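A short worksheet on the structure shown next.
The values are calculated or read from the model by the stated rules, or taken from the named source; none is laboratory data. Because the structure is a prediction, the values reported are computed rather than measured. Cβ coordinates were reconstructed from backbone atoms using ideal geometry, including for glycine residues, and neighbour counts include every protein chain displayed.
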Amino acid sequence: MLPVWLVAVASFIYLGTLFAVASFGDRRADAGRSVIGNPVVYTLSLAVYCSAWTYYGSVGVAATTGLAFLPIYLGPTLAALLFPFLLLKVLRITKTYGITSIADFLAARYGKSGLVGGLVTVVAAVGGIPYISLQLKAVAASVTVVMGDATPFAPAFSLGADTALTVTLVLAIFAIFFGARHVDVTETHQGMVLAIAFESVVKLLAFVVAGSFITYGIFDGFGDIAGRAMADERVRELFTMSGTGLSYIDWFLLTMLSGMMMLVLPRQFQVAVLENVDENHLRTASWLFPAYLLVINVFVMPVALAGLLLDGGEEGVNAADLLILRLPMDAGQEILALVTYLGGLSAATAMVIVATVALSTMVSNDLVLPVLLRRGGRHRGSHGDAGERPALTGLILNIRRATILVLLMAGYLFFKHVSGGLGLASTGLIAFAAVAQFAPAIIAAIYWRDANRTGAVLGISGGFLIWLYTLICPMLARAGAIDDGFLVEGLFGVGMLRPEALFALEGLNPVSHALVWSLSLNLLLLVTASLLGRQDNIERVQALMFVEVESSHETARLWHGQARVGDLCDLMIRFIGPGGVNRVLDIDGQRRGRRLGARDTADAEFVLLVERQLARVIGSSSARVMVASVVDGEGIGPDQVMEILDETSQVIEYSQRLEQKSKALEAATAELREANARLTELDGLKDEFIATVSHELRTPLTSIRSFSEILLDTPELPEEERSAFLAIVVRESERLTRLINDVLDLSKIEAGRMDWQMAEIDLREVIDEALDAASALFTEGGIAVETRLRLSRASIVGDRDRLVQLIVNLLANAVKFVPGENGRVCVELFDHANGWYEVRVDDNGPGVPRDFRRAIFEKFRQASEGPKERPKGTGLGLTISRHIVEAFGGRIWVETSDLGGASFRFTLRHMPAAGHSGETEPRAAE
Amino acid sequence: MMVLAILAVALFSYPLLAIIDGIARAHGHWWLPVYMFTAWALIILLIGWTMSHRQDRA
Amino acid sequence: MGKRVLVVDDEPNIVTSLEFLMKKAGFEVEVARDGAEALEALGRTPPDLMLLDVMMPEFDGYEVCARIREDPAWAGTKIVMLTARGREGERERGLDLGADAYVTKPFSTRELVQQVKEMLGVG
């Protein structure tokens, strides 16, 4: 027997420790070093599944119906196989759309429906009451046991009301402080999760320690207990299937039911889905969680058997429920008993904390706030508006606190007045059966796109009513709260309506019985209503988003309604422009062989095409709703459209920014490409130039080498031929020299490295000098030269030698093209207007074709008038001439001369000091 | 995974349990709980193995 | 023995030297100053071998070569291409078009004569 103060102090120290663990977790989370980012912590938090029911109740079940406690743990084990599929999908949906509770999940799926959210909340809260009540009962009873009252529940719950109420209030205050610390529910409660994980460790260790003590301390191991149990006919029966009292259907249903709980139990949804920080944790949890269940159940049978063997098993389930605590107490191990008590306390508090957090969130967000804010069907989007309004923070917190208090008080009243005589496990199963009503709606939510709101509401409420009628009403009747006549005779005296044998279904465990009817009705209503009814647009969008959360939303769906092509086009123009609309019509026209007109009725295919086009711009769900706004019979309210537009305008803005960026990129790319093309062109020109120079160099070299070798190899060559060949060698050598000089000059000029010797010179003198230098050419070709220098003096500033070279080039060029006989060349100098001199070198050759007049000043571009005529020269003379003229600011060009041939003309500026003013270069008459 | 799920359901299906029950009655009743826990542990091991296998593949 | 060689080049000095070399080696020589003239000469009496310059006005050596190889009547005529252009790939182009040899200017007269003799199976 432990003193009250010790129990109280130990309890409060333990609860204080929980606070410390939780705030440690929160601080670490705030510091960005989360401790729950760990699959083991995640798995341990899932073990909130093991509440006081497991801790105390399993033994109670084992002591009365043997292995019947096992389906409750086998179910989750089998469900764990589905973690990587089912739970993962729920997890992704929840994360993607910012879901805050199981009610929010279903409400969001079924068209952001406040009705669904409220209904789910009510069912979860009502179903949660028995569950919470069993925790209170267990803790209160355990307190009584450790304080020394050996018969806590006998004969009809004689526990002092004070103890139970105290426990309830302490737990309520604890839960209020613990669970409602934060308002923002979209945030994970990292501290809470860590505390729950901690509690899972505590309860597991405590149970294993106590179980080990009972098995190995009081008895002599598993074998000893089993052996002694075998000796007792009645106890032996507990090992068998018949000992469970469960039929095949019971076994199956209980396994399935507890498997479903992994998803639909609000507190499991809270820890498994909402508090999950990494979906990879599911992998570890899928085997580690069943392993946890296995370990915590290993000692259930031995403890139960030990209790029966020691006590004779006369006290019934209420006493058996506490065997794990009573056996150490009876053995005088009070410290062990205290530890065991704390383990039970941890199991109960964990459940209460998470359940109240989950339920209070649901009540405030999905039940009370929507009513308060009159927000109807749009009570909460995925933005968590409720948490974003500072003015509401206090209100929300108070709602949550009140919810917690109400839930716990209801739980207290429930076990005190209704379920006092029931075992912990039976009470828990009743709660299971209530929330099991969510299972069809949830499964349909994520796998069946046609499931609709009506179906979900009807299914859940139908199932819930059956649950009330078949499980709660009989309990209330037995507790004397209502007349119990209908239990035996059926409602209104109709035997078929007896709540525990509905439609004459008998022979099942009461929970199985309730499950069969409630789930059948639930499914029937869900499926029927979904098949018959229709979804509104929000609902359709949400359904698509949930079912297709992991893939693109491009799915063909036939539109029911009618729309005119013109209306759809008007809609499209706003998003993709007239050009885009035309394209769509073209695409469609090609397919059907005819282009639709504005007055035509759009068929489903066209509507779908439009929808897909829009989806590219505004996303598929919005596109669907936009199209629905135009298609008759797909009614949509203006506020819904506004809502969608609000959301999509951001998307549009974003895509516009993207478009701008990609345009800028395109422009940059085009510039780069252009630059590259210029470079390539330049490179090609350079390549061509080198090839040409190479050719021009090799050609004279070939002659020189050939004739030199011939002369060398042919000593007997006649003198005549010998000198002819030598003359060729000399000429070709000269040609080579000229070429090399020209190339060097040109490259110097082009590189800007020409060393111009600028001086005041007389253009007349330059021309005279050039004529002198070229006189040999004229004499040789028998060419008549004429000079018309109309000025006595033409002063300019320039490089004398270069200007001589320029004129010699022009003269040589003329000499090359004049006819062999009667060749004429005329050099002219006169004062051009506006301070420019002009020099002309005319000839009576073939002239330069008009198309060619610009090109001949480029490198190696020689005008050859016939295939047989190949002008002699380097092909660089005119190019160099142009560079020289341009270097002195002049201009050179070619026209037809008065003599009928070419007329090369260039201008040079008067020397400024000469008093002539001229700024603009004269334009040559074309 | 599918195979494992079928195996798990089969191991704990009532008909098989009834057969084991019958055998256990003849050879010592404790065999049924022993079977159950063994099968349970086996399933857990198989899930663990499958999960790590899946992880490798991913 | 009467092997005939056609020299095609637009550079008179080179034509002179090649003509001299081929005659000295004992071949009959005909001369063409450009592609058109070469085809004309070819049409009259197909030579046993031609020395064909690549860079010529109007249509160049490659074109002449391609035309010759198109006509099976001239299949017996061996073609030695001469070029003063120093670019990579020219050689391949010439050989692809059906030339039998490819000589870069300036060349060694002895080697050229030797090569022509070998190709004609003389000496």
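Annotations
- Residues that are part of a helix (DSSP H, G or I) and more than 7 Å from every other protein chain (Cβ to nearest Cβ), drawn from region A:237-253: A:GLU237, A:LEU238, A:SER242, A:GLY243, A:THR244, A:ILE249, A:ASP250, A:LEU253
- Scanning region A:160-209 for residues that are over 19 Å from A:ALA347 (Cβ atoms), hydrophobic (A, V, I, L, M, F, W, C) and modelled with pLDDT under 80 turns up A:ALA161, A:PHE177, A:ALA180, A:VAL183, A:VAL185.
- Just so you know, in region A:226-236 the residues that are more than 9 Å from chain B (Cβ to nearest Cβ) and part of a helix (DSSP H, G or I) include one that is nearest to the chain's Cα centre (by Cα), and it is A:VAL235.
- Taking each residue of region A:346-375 that is over 17 Å from A:ALA172 (Cα atoms) and looking for partners that are acidic (Asp, Glu) and at pLDDT below 85 with beta-carbon atoms closer than 8 Å, six or more apart or interchain, yields A:MET362/A:ASP104; A:ASN365/A:ASP104; A:ASP366/A:ASP104.
- Checked against the criteria, A:ASP831 counts as in contact with a Leu (Cβ under 9 Å, 6 or more places away or on another chain), part of a strand (DSSP E or B) and surrounded by fewer than 19 Cβ atoms within 10 Å (Cβ to Cβ).
- Residue, nearest to A:ALA358 (Cα to Cα), within region A:64-109, restricted to residues that are among the aromatic types (Phe, Trp, Tyr) and within 24 Å of the chain's Cα centre (by Cα): A:PHE105
- Within region C:50-95, the residues that satisfy the criterion of being within 14 Å of chain A (Cβ to nearest Cβ), out of contact with any strand residue (DSSP E or B) (no Cβ under 8 Å at 6 or more places or on another chain) and farther than 24 Å from C:PRO12 by Cβ are C:ARG87, C:GLU88, C:GLY89, C:ARG93.
- Qualifying residue in region A:92-102 (condition: out of contact with any Phe, Trp or Tyr (no Cβ under 9 Å at 6 or more places or on another chain) and modelled with pLDDT of 85 or more): no
- Of the candidates C:VAL29, C:VAL7, the single residue that is within 14 Å of chain A (Cβ to nearest Cβ) and crowded, with 18+ Cβ neighbours inside 10 Å is C:VAL7.
- If you filter region A:254-291 down to residues that are within 28 Å of the chain's Cα centre (by Cα) and polar (S, T, N, Q), you find that the one that is farthest from the other protein chains (Cβ to nearest Cβ) is A:GLN270.
- Given (1) facing chain B (nearest Cβ under 10 Å); (2) over 40 Å from the mean Cα position of the chain (by Cα); (3) among the polar types (S, T, N, Q), index of the condition A:SER58 fails: (1)
- Pairs with Cβ under 7 Å, 6+ apart, first in region B:1-29 and hydrophobic (A, V, I, L, M, F, W, C), second in a helix (DSSP H, G or I) and surrounded by fewer than 13 Cβ atoms within 10 Å (Cβ to Cβ): B:LEU16/B:ALA10
- The set of residues in region C:32-46 being under 23 Å from C:GLU118 (Cβ atoms) and crowded, with 24+ Cβ neighbours inside 10 Å consists of C:ALA38 alone.
- Tally, over region A:636-684, of residues that are of a type outside the set (Asp, Glu) and modelled with pLDDT of 75 or more: 22
- The helices (runs of 4 or more DSSP H) found wholly in chain B and carrying at least 3 residues that are at pLDDT below 80, more than 13 Å from A:LEU78 (Cβ to Cβ) and within 9 Å of chain A (Cβ to nearest Cβ) occupy B:14-27, B:31-57.
- No other residue among C:GLY76, C:GLY61, C:GLY89, C:GLY94 is exposed (fewer than 15 other Cβ atoms within 10 Å of the Cβ) and closer than 22 Å to A:SER694 by Cβ apart from C:GLY89.
- Any hit, region A:451-470, residues being at pLDDT below 85, surrounded by fewer than 24 Cβ atoms within 10 Å (Cβ to Cβ) and either of a type in the set (Lys, Arg) or not assigned by TED's automatic domain parsing to the domain that holds A:VAL139 (or both): no
- From the list A:ILE710, A:ILE690, the lone residue that is within 9 Å of chain C (Cβ to nearest Cβ), of a type in the set (A, V, I, L, M) and farther than 17 Å from C:ALA84 by Cα is A:ILE710.
- Filtered residues of region A:773-784 (kept if in contact (Cβ under 8 Å) with a residue 40 or more places away in the chain and out of contact with any Leu (no Cβ under 7 Å at 6 or more places or on another chain)): A:PHE778, A:GLY781, A:GLY782, A:ILE783, A:ALA784
- Every residue from region A:887-926 that is modelled with pLDDT under 50 and either closer than 20 Å to A:ILE767 by Cα or buried (at least 17 other Cβ atoms within 10 Å of the Cβ) (or both): A:ALA914
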